[in-house]
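Below: one structure, written as structure tokens.
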Amino acid sequence: MKSWSTMLAALWRFRGFVWSSVWREFSGRYRESLLGLLWSIAQPLTMIVIFVVIFSGLMRPTLDGHEDNPFAFSIHVCAGVMAWTLFSDMLGRLTTMFIDRANLIKKSTFPRICLPAIVALSSLLQFAIILALLLLFLAVIGHWPGLAIFWVIPLVALQLAFTLALGVLLGTANVFFRDIGQLISVVLQFWFWLTPIVYTTAALPEWLRSWLPLNPMQPLVAAYQRVFLDGLSPDPMSLLPLAMMSLLLLLLAARFFLSRVGELVDEL
Amino acid sequence: MSAVLKLHRVGKAYRYYPSRWARILEWLTGLRRHRPIWVFRDVSLSMAPGEALGIVGRNGAGKTTLLRLIAGITPPSTGTVQTEGRVAALLELGMGFHPDFDGRENAIIGCQLLGLSREEIDACLPEIEAFAEIGEYFERPVRHYSSGMQMRLAFAVATAVRPDLLIVDEAMAVGDAYFQHKSIERIRRYQEEGMALLLVSHDPGAILSLCPRAILLDEAKVVCDGTAEEVLDRYNAILSDAGRQSVRVERLASGRAMTVSGSGEASVEGIALLDTENAPMEVVATGDMVRLAVDVRINQDIDDLVFGYMIKDRLGRVMFGTNTHHLKIPITHCRLGQLARLGFTFPLRLGPGEYSVSTSLHVGDTHHAANYEWKDVALLFQVVNPRHEHFVGVCWMPPEAKLDWD
């Protein structure tokens with residue numbers, strides 16, 4: 001417990017560094033461009049427009065119970081892709097966070113725990129933009145989810161805990177075994193298609209459906225879809241296993257990180 | 001007074017795994033699969049506030065690793081490192097500057113990495129800008145900087161707020177003379193206020209002018225801990241590879257250490273400073289003509305021999321040095337048992353103080369090729385100034401003074 005508290009205290013002391021690093025990473029991406037921050041909106045906006053054009057204009061797949069809503073499938077996909085983007089973007093960056101900043105780590109002594117915090121916050125910032133655009137879109141088409149929208153907060157918190165735990169674990173191990181970074185990008189591709197994002201659970205054959213709960217991202221994505229499409233509260237019980245797992249994983253990741261953080265510098 | 005830095009039997013080993021899989025096996029089974037490669041072991045030292053310590057050693061002797069350990073970047077494998085107060089480190093070039101951001105932003109990042117608060121940073125930013133003196137470049141991306149500018153900025157940031165311990169690795173060598181003077185001045189001022197300084201440099205001048213004390217790292221341990229002068233002499237002896245077999249240190253009557261190294265094919269048998277009447281002197285007056293007389297004994301047949309000497313001041317700074325190669329006096333076909341008598345006559349234009357003469361016998365124009373003998377403090381003498389008008393400094397450059405009224 002001692003190391004936990006010193007770790008968090010150090011993080012608090014360097015909060016200025018964390019905040020400004022988040023802002024720098026965000027603004028730095030568009031620094032030399034003419035349109036600047038407009039680009040950060042262009043990307044998610046394109047995504048929403050494409051999904052709407054394809055799934056509401058061209059293909060028009062229908063969803064059970066939403067036959068009268070032409071935008072139903074677009075919303076289903078957008079909600080899933082939004083959650084998935086936060087997950088894969090954050091996990092990918094957590095995996096390489098130490099390697100990417102080797103130069104900084106080898107030259108200064110800031111608490112290393114700042115790095116996952118910076119990655120998590122800057123991924124969240126990107127997510128916030130997508131979320132805002134999606135909500136704007138929902139408001140425009142008159143499909144506002146109502147009070148259920150507040151469920152996004154605990155859902156994001158849970159997703160953050162899960163992704164952080166997994167990412168810190170993989171990011172630390174990746175310094176010692178660089179295969180992990182490669183492996184993750186491959187695994188994420190499979191994982192995306194194993195999660196009902198661009199298809200629905202109902203579209204799956206019976207035998208495959210029983211395996212779905214083994215995918216930790218499935219209940220999470222389903223919960224987002226329920227909030228945005230149905231405007232209903234997700235079933236907390238469906239998220240309980242993921243919550244328990246995240247907590248365990250978080251403890252494990254912290255222990256692993258703390259025991260290897262010293263040795264880590266020598267391997268960069 | 002409490003120590004700013006305390007190392008107790010510190011050692012650092014890198015882990016060498018025979019294969020990539022060995023590490024997985026070790027992690028999974030808990031059985032040791034690696035071989036430790038020791039960079040150094042058993043280093044103990046402590047520094048008081050205001051103290052300055054130089055670290056010298058050959059490339060790969062572990063100087064930088066030791067600094068990183070002290071800076072807290074990497075943990076020691078054995079022993080303990082204790083620091084008191086704020087530690088600022090200037091390791092290599094820059095402090096991990098971000099090339100795309102401008103000087104101001106990088107200065108802010110640097111300050112944040114040092115753990116300064118928002119208010120402290122706001123307060124010292126103008127100071128950093130003024131001290132770095134890089135003009136409009138302060139607002140330009142760091143990738144447009146020269147290495148000198150990066151160094152200026154890095155130094156300005158690291159010393160914006162006085163640290164309790166400043167760690168400097170080689171960085172001083174990059175800056176121009178003007179900035180070096182400026183940064184040394186700041187270091188001196190901070191030292192008076194209690195800052196301790198740890199300096200790694202290949203430049204003996206930098207060590208001598210800033211650090212009264214030094215340590216020499218070689219072959220994984222501290223081989224010498226003493227006055228900077230003594231340590232640098234030892235370092236010089238180690239530098240010439242041939243000298244490695246026989247480095248011995250003799251204490252002179254004055255208590256000053258004398259280092260002798262070399263393979264011994266030839267040796268300086270006698271050395272003296274003589275006046276114009278050939279009488280040996282230990283005290284010389286500024287401006288007098290003197291003759292340095294040296295007897296070299298040949299212990300083995302050698303084809304080619306060069307004799308060199310250096311006159312150093314009390315801090316070990318070289319006042320003057322030359323050798324028979326540069327003076328175009330070839331010494332060839334030396335036969336066993338011969339005695340070569342050399343004489344160097346020159347006016348002694350040195351200021352009052354104590355000086356020493358180091359000698360070397362070698363092949364070619366430096367002592368690194370083949371080192372027959374290297375003697376530090378082969379001779380000590382004192383300079384006084386009884387005849388000429390008073391002056392300060394180590395060089396006597398008498399001016400012709402003139403005054404005109406309009």
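A compact table of results
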| read-out | value |
| --- | --- |
| Accessible surface ranking that places the most exposed of B:Lys221, B:Lys328, B:Lys182, B:Lys63 first, with a 1.4 angstrom probe | B:Lys328, B:Lys221, B:Lys182, B:Lys63 |
| Average other protein chain Cβ within 10 Å of Cβ, residues A:102-112 | 6 |
| Cα gyration tensor, region B:98-207 - rounded (a/c under 1.5), prolate or oblate | oblate |
| Solvent-accessible area per residue for region B:289-371 (1.4 angstrom probe, square angstrom) | 49 |
| Within chain B: Cβ-based charge dipole about Cα centre, in debye rounded to nearest 20 (Lys, Arg +1; Asp, Glu -1) | 1800 |
| Charged-residue dipole, Cβ positions (Lys, Arg, Asp, Glu), region B:285-389 about Cα centre, Debye nearest 20 | 220 |
| Rounded percent of accessible protein surface that carbon and sulfur make up, region B:328-406, 1.4 Å probe | 57 |
| Among A:Ser88, A:Gln43, A:Ser33 the positive-end extreme of the charge dipole of region A:1-95 (Cβ point charges) | A:Ser33 |
| Sequence ranges A:223-236, B:155-168, ranked by mean other-Cβ count within 10 angstrom, highest first | B:155-168, A:223-236 |
| Euclidean distance between Cα centres, region B:22-50 to region A:1-49, Å | 35 |
| Region A:128-169-region B:193-219 distance, computed between alpha-carbon centres (Å) | 57 |
| Residues B:Asp303 and A:Ala157, FRET efficiency given R0 of 56 Å [Cβ-Cβ distance, rounded to 0.05] | 0.10 |
| Reciprocal of mean inverse Cα separation for region B:1-125 (Kirkwood radius, Å) | 17.5 |
| Shielding by other protein chains, B:109-121, mean Cβ within 10 Å | 4 |
| Label point distance in nm, A:His66-A:Asp235, each placed 7 Å from Cα along Cα→Cβ | 1.9 |
| Cα-based helix-to-principal-axis angle, B:177-192 vs chain B, degrees rounded to 10 | 70 |
| Total accessible area lost when B and A pair, probe 1.4 Å, Å² to nearest 100 | 2400 |
| Amide N of region B:212-227 lying under 13 Å from the label point, which is placed 7 angstrom from the Cα of B:Asp42 along Cα→Cβ | B:220-224 |
| Dipole magnitude (debye, nearest 20) for region B:1-106, charges at Cβ of Lys, Arg, Asp, Glu | 720 |
| GNM top mover of A:Gly80, A:Gly57, A:Gly181 - chain A, alpha-carbon springs below 10 Å | A:Gly57 |
| Computed accessible area, B:Ile329, all protein chains, 1.4 angstrom probe, square angstrom | 80 |
| Angle between chain B longest axis and helix B:103-113 axis [Cα atoms, degrees, rounded to 10] | 80 |
| Extreme residue, positive dipole direction of chain B, given options B:Val394, B:Leu210, B:Gly85 (C-beta unit charges) | B:Gly85 |
| Whole-Hz ³J(HN,Hα) from phi, Karplus 6.51 cos²θ - 1.76 cosθ + 1.60, for region B:380-389, glycine and proline x | 10, 8, 10, 10, 10, 10, x, 9, 9, 4 |
| Shape call, the protein assembly as shown: gyration tensor on alpha carbons, a/c limit 1.5 | prolate |
| Sequence-distant residues sharing a close amide H with B:Arg213 (under 5 Å, placed H) | B:Ala52, B:Gly54, B:Ala228 |
| Rounded to whole Hz, the Karplus (6.51, -1.76, 1.60) HN-Hα couplings of region B:56-69, x for glycine and proline | 10, x, 6, 4, x, 7, x, 4, 5, 4, 4, 5, 5, 5 |
| Residue (of A:Ala128, A:Val186, A:Leu115) at the positive-pole extreme of region A:72-188, dipole from beta-carbon charges | A:Leu115 |
| Between region A:217-254 and region B:262-320, the alpha-carbon center distance in angstrom | 85 |
| Shape of chain B, Cα gyration tensor, a/c cut at 1.5 | oblate |
| 0 to 90° range, to nearest 10: angle between helix B:147-158 axis and chain B longest Cα axis | 60 |
| Rounded to 5, the percent of DSSP beta bridges in the protein assembly as shown classed as antiparallel | 80 |
| Members of region A:248-268 that become less accessible by 10 Å² or more once partner protein chains are added (1.4 angstrom probe, chain alone as reference) | A:Phe256, A:Arg260, A:Gly262, A:Glu263, A:Val265, A:Asp266, A:Glu267 |
| With every protein chain in place, region B:1-65: carbon and sulfur % of accessible area (1.4 Å) | 53 |
| Greater than 27 Å apart at Cα, pairs in B:Lys182/B:Lys375; A:Lys106/B:Lys6; B:Lys6/B:Lys375; A:Lys107/B:Lys12 | B:Lys182/B:Lys375; B:Lys6/B:Lys375 |
| Span-rule helices in chain A, defined as complete DSSP H runs reaching 18 Å or more along the axis (Cα) with Kyte mean at least -1.0 | A:15-28, A:38-52, A:72-95, A:114-140, A:152-176, A:179-194, A:236-267 |
| Ordering of A:201-210, A:238-247 by packing [mean C-beta count within 10 Å, highest first] | A:238-247, A:201-210 |
| Other protein chain Cβ atoms within 10 Å, averaged over every residue that makes up A:8-20 | 3 |
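The values are calculated or read from the model by the stated rules, or taken from the named source; none is laboratory data. All of these numbers come straight from a predicted model, not from anything done at the bench. Every residue, glycine among them, receives a Cβ derived from its backbone with ideal geometry; neighbour counts consider all protein chains shown. Ligands, DNA and RNA are stripped out before the accessible areas are found, and what is left, the full protein with its side chains, is counted by its heavy atoms. Shrake-Rupley method; radii C 1.70, N 1.55, O 1.52, S 1.80 Å.
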